[in-house]
Amino acid sequence: CQADPGGTDRRLALRCFRRFEATVDGRPLDWGATRPRVRALARLLAVHAGRPVHREHLMAALWPESPARTAGHGLQTAVSALRTVLEPGQDRGRARILVRTGEAYMLDLAPDGSCDVQHFEAAAGRGLTAAARGDTDRAAQALERALRLYTGELLPEDGPAEWVVPIRERYRGQAVRVAQTLAEVELARGRAEPAAAAAAHALSLDPFHDAVWRLLIEAHRRAGDEAAARHAERRHAQMLAVLLRG
């Protein structure tokens, strides 16, 4: 679909971490009359907002057991239903939010739209780059923002669906890396207590991360909290024992 040159951009705001939310011009969308696959299509496109997703990928993700013809018809029906939710009363040729580019579909954020996944990626990238350059103040600011954006696991509504699990794990891993780097940055800045908090945050996401346990212990010691350091050492030992048993 081509954007209507005489139309007005509509602001799409998406949230994918912790729970899925979507608003258009500040209005929460009404999913009450939509089928589960229409909602799943919205969530899949939301994760990739601003980037085209090929129809073959959509069909494989949402109709994995169906013949190609059945999956293609299902996708067409779901796209039509999703457009109705996003832009009620808008002709398909004038759609400005859910657009088609060749054999792919995309949720267009437009200049003033937003998506927490994209904001997280941008902040994490800025923070990790600044940390690698030794710019600890800029790194801490960006990494803290990234962790505020990562409010929980990606799209819990989709459970263990095959298409979402690897994406969810990738973002969780990225959040762990962000928190670990923030702990390292804070230690370098001589801020032991925030370093301990960042390391604890990383461990809440991945408790089997040996290097982060060591960071946590060191941060407690630098903060002068020997009791907390010993407690972390005991928990670290328990984690190692679990890994050995496994």
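The values are calculated or read from the model by the stated rules, or taken from the named source; none is laboratory data. Bear in mind the structure is a predicted one, so any value in this text is a computation, not a measurement. Because the Cβ atoms are built from the backbone with ideal geometry, glycine has one as well, and the counts that use them run over all protein chains shown. These accessible areas exclude ligands, DNA and RNA; they are computed on the full protein's heavy atoms, side chains included. Shrake-Rupley method; radii C 1.70, N 1.55, O 1.52, S 1.80 Å.
Overview of results
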read-out: Dipole moment magnitude, nearest 20 debye, the range 4-140 about Cα centre, only Lys, Arg, Asp, Glu C-beta charged; value: 280 debye
read-out: With every protein chain in place, the range 1-130: carbon and sulfur % of accessible area (1.4 Å); value: 49 percent
read-out: Extended-chain gain in nm, criterion 0.36 nm per residue less alpha-carbon gap, S80 and E169; value: 29.0 nm
read-out: Heavy atoms of H209 accessible to a 1.4 Å probe, total area in Å² rounded to 10; value: 50 Å²
read-out: Accessible-area order (highest first, 1.4 angstrom probe) of the listed residues W63, W31; value: W31, W63
read-out: Lys, Arg +1 and Asp, Glu -1 on Cβ, resulting dipole of the chain about Cα centre, debye, nearest 20; value: 180 debye
read-out: Length released on extending from E56 to R100, taking residue separation times 0.36 nm less the Cα-Cα span; value: 14.5 nm
read-out: Descending principal axes extents, the range 87-233, alpha-carbon based, whole Å; value: 66, 34, 23
read-out: Rounded accessible area per residue of the range 179-246, 1.4 Å, Å²; value: 54 Å²
read-out: Euclidean distance between Cα centres, the range 90-155 to the range 27-60, Å; value: 17 Å
read-out: Helical contribution to [θ] at 222 nm, DSSP H n ≥ 4, -39,500 (n - 2.57), averaged over the chain, rounded to 500; value: -19000 deg cm²/dmol
read-out: Candidate values (i) 66, 43, 30; (ii) 41, 39, 33; (iii) 87, 44, 31, label of the one derived for Cα extents along the principal axes in Å; value: (i)
